[in-house]
Amino acid sequence: MNQAFDPLNLLILAVAVVIFLRLRSVLGKRTGSERPPFDPYAGRPAEARTTGDETPANVVTLPQTNRSGGKDIAGAPPSEPIWKGVAEEGSSLARGLEKLASGDDQFSVGAFLDGAKIAYETIVSAFAQGDRAALKNLLSREVFDSFSRAIDQREKASETLEQKFVSIDKAELVAADLRGRKATLTVRFVSEMISATRNKAGEVIDGDPKQIRENTEMWTFERDVGSRDPNWKLVATEAPA
């Protein structure tokens, strides 16, 4: 008898046909329109990312950047005047700050006063140490020459000046002006520091190295608002009577 028609072979063939038909009924056959397998790292299909109005349904829209060049946004409350919190309306200081702001729209009273306090401490310390290089970039030519002469006299006498800041208690604007491109601001500083001058032998000839003293000074700073250099320079100092 031909082995192709052996009962055992027929039984195996029948089982294979049944399994094939069962799988086809479950999986179906490919038609070319099947969805691709899910990829968890791929983006969502376009139809799932958008709503009917083509706006992303799960995206938070950020507000548009204000490109008005610093002008108030329509509907927003107007910005406070430049003198708010530091001067009385209609005062000479308020008018001076308004003039300065009209010539320099980047000017900020708070930022200036923060920088002025740093400059005050830096200049006082550099003067005590005789550091002309540090002073040169912070002072006008006239003030630098005056400070340099005082340092020369101290060095010729073999004297040393010891100064230590304890605190800057107050830094307030007292005057402001803009003439042409020259902006000037005067600040009243109230500080506490320890100061003493010693002679060649190390003896204290002025001040007290153990006593904290209050110091009040009026410093005037100047800047060319048309210059790219943002730094202010000290152009005058005064000790109130």
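Here the Kirkwood formula puts the hydrodynamic radius of segment 89-129 at 11.9 Å, using every distinct Cα pair.
Which links in 117/210; 210/233; 200/233 stretch past 29 Å when you go from one Cα to the other? Violating the 29 Å limit, Cα to Cα: 210/233; 200/233.
Every number in this text was worked out from the coordinates using simple rules, so none of it is lab data. Everything numeric in this text was worked out from a predicted model, so none of it was measured.
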